[in-house]
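Down below is the structure, laid out as structure tokens.
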């Protein structure tokens, strides 16, 4: 038994330091000797959750809740795994069980933070706000609750309220606030040198760049920190704007640009609202195309953690639509990022994976299209930023960027929506998307002559 305790302690040390694989190996060895130890099962369930193996996490944590039904932490972690898997009702049931275990004020607010988070991007922002307001009674400074409420307000189109609360994301543990050598956060007033840093990935950076045109009159110089993959595209896009310098990361920016103030991109709407539609992205090269009109498609976006189970339409949706459009004399190309060769072959559409990896060339591919049809992903933001006509297949549980209602984007003039009705699947969307695309195909007047092939370096 003493040896068993030593191995468990070693496994916990590895677990604490983030060495999840070795920790799980030791936990598994211990399980042979103590297969019903609730503490060991709790450790394994938590470790599997942190390793992204949520099915195994659920298996172990369920056993813990049977053995120790009053163990609040087990219900808490089980709820997180269920939520990540998209099993919202089961996650909610876990948080309700956790509340019944008897908690302090701060612990109670944490439950409501997780509970309200279950309904973020689930098509029920009113419920998010209701639960958030309850949680704030126990801890009015809880950043996670404030952030969930902000996202719900944004989803409802209550932008002034939403973006104000959105500032609480700075206090979230995974939000990295840049150190601009003690420069203050921008207050929206006239300033000499302003540093604006990107956040939350390519899609969000492209979206919030729409506000840069409104920021420029308020600054003498503007430094933009972007995702490194956007560097070439943005430097070309802003090449004629002498006020703007583009940097791929904070370290380079800090060495070359001493800011008088700084601002995260997602905070810009607090100072230059409302959004003014404009075209602000331009690829440096042209992509080959034929004389025929061209439709670009993209069918996948997000990850498990970003609710991909809502946004992605299956292959059975795309096959008849693509076949119908090609039958009308329209060229169809893939704009899908990531492993997409198999599905592109099944749809019988060209897939230029190497060029898609290069965001400058992806922009060029999008610009070569007369229309883009896509699920919710970064392709939409790229098309909108270039003014390319784009139709988005929006799930009935959208992210806040797509709002809860309406058929026009609030962010891009050229972007329209086809929405899933409440609780409907993709089958019903297929008929509307097909008709929409057929109507476009019959009336399209494609935008220009064939472009030359990519020049060799």
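The values are calculated or read from the model by the stated rules, or taken from the named source; none is laboratory data. Please read all numbers here as calculations on a predicted model, not as lab measurements. Note that each Cβ is placed from the backbone with ideal geometry, even for glycine, and that neighbours are counted across all protein chains shown.
What to note about this one:
- Of everything in segment 413-430 that is part of a loop (DSSP other than H, G, I, E, B) and closer than 19 Å to residue 301 by Cα, the residue that is modelled with the highest pLDDT is 420.
- Lone unmet requirement of (1) touching a residue at least 24 places away in the same chain (Cβ under 8 Å); (2) closer than 27 Å to residue 148 by Cβ for residue 389: (2)
- Enumeration of residues in segment 41-68 that are farther than 17 Å from residue 79 by Cβ and surrounded by fewer than 21 Cβ atoms within 10 Å (Cβ to Cβ): 51, 67
- Unmet requirement for residue 123, which otherwise passes all of (1) under 30 Å from residue 53 (Cβ atoms); (2) in contact (Cβ under 8 Å) with a residue 40 or more places away in the chain; (3) in a helix (DSSP H, G or I): (3)
- Residue among 271, 280 that alone is in a helix (DSSP H, G or I) and either in contact (Cβ under 8 Å) with a residue 24 or more places away in the chain or assigned by TED's automatic domain parsing to the domain that holds residue 83 (or both): 271
- Filtered by the rule that a residue be free of Cβ contacts under 8 Å to residues at least 40 places away in the same chain and not in a helix (DSSP H, G or I), segment 126-174 gives 139, 140, 141, 142, 158, 172, 173, 174.
- Test: residue in segment 68-75 that is out of contact with any helix residue (DSSP H, G or I) (no Cβ under 9 Å at 6 or more places or on another chain), free of Cβ contacts under 8 Å to residues at least 60 places away in the same chain and in the same structural domain as residue 117 (by TED's automatic domain parsing): yes
- Restricting segment 266-295 to residues that are surrounded by fewer than 16 Cβ atoms within 10 Å (Cβ to Cβ) and over 30 Å from residue 157 (Cβ atoms), the residue that is modelled with the highest pLDDT: 284
- Strands (runs of 3 or more DSSP E) enclosed by segment 175-265 - at least 1 residues per element that are modelled with pLDDT of 95 or more and touching a helix residue (DSSP H, G or I) at 6+ places or on another chain (Cβ under 8 Å): 191-197, 219-225, 244-247
- Boolean, residue 201 is surrounded by fewer than 17 Cβ atoms within 10 Å (Cβ to Cβ) and within 30 Å of residue 332 (Cβ to Cβ): yes
- Being in contact with a strand residue (DSSP E or B) (Cβ under 7 Å, 6 or more places away or on another chain) and buried (at least 23 other Cβ atoms within 10 Å of the Cβ) holds for only one residue in 231, 206, 224, and it is 224.
- Filter result (more than 25 Å from the chain's Cα centre (by Cα) and under 29 Å from residue 364 (Cα atoms)) within segment 254-284: 284
- Check on residue 103, without any contact (Cβ under 8 Å) to a residue 40 or more places away in the chain and assigned to a helix (DSSP H, G or I): no
- Options 103, 99, 156; residue that is surrounded by fewer than 21 Cβ atoms within 10 Å (Cβ to Cβ), outside the structural domain of residue 397 (by TED's automatic domain parsing) and under 26 Å from residue 273 (Cβ atoms): 156
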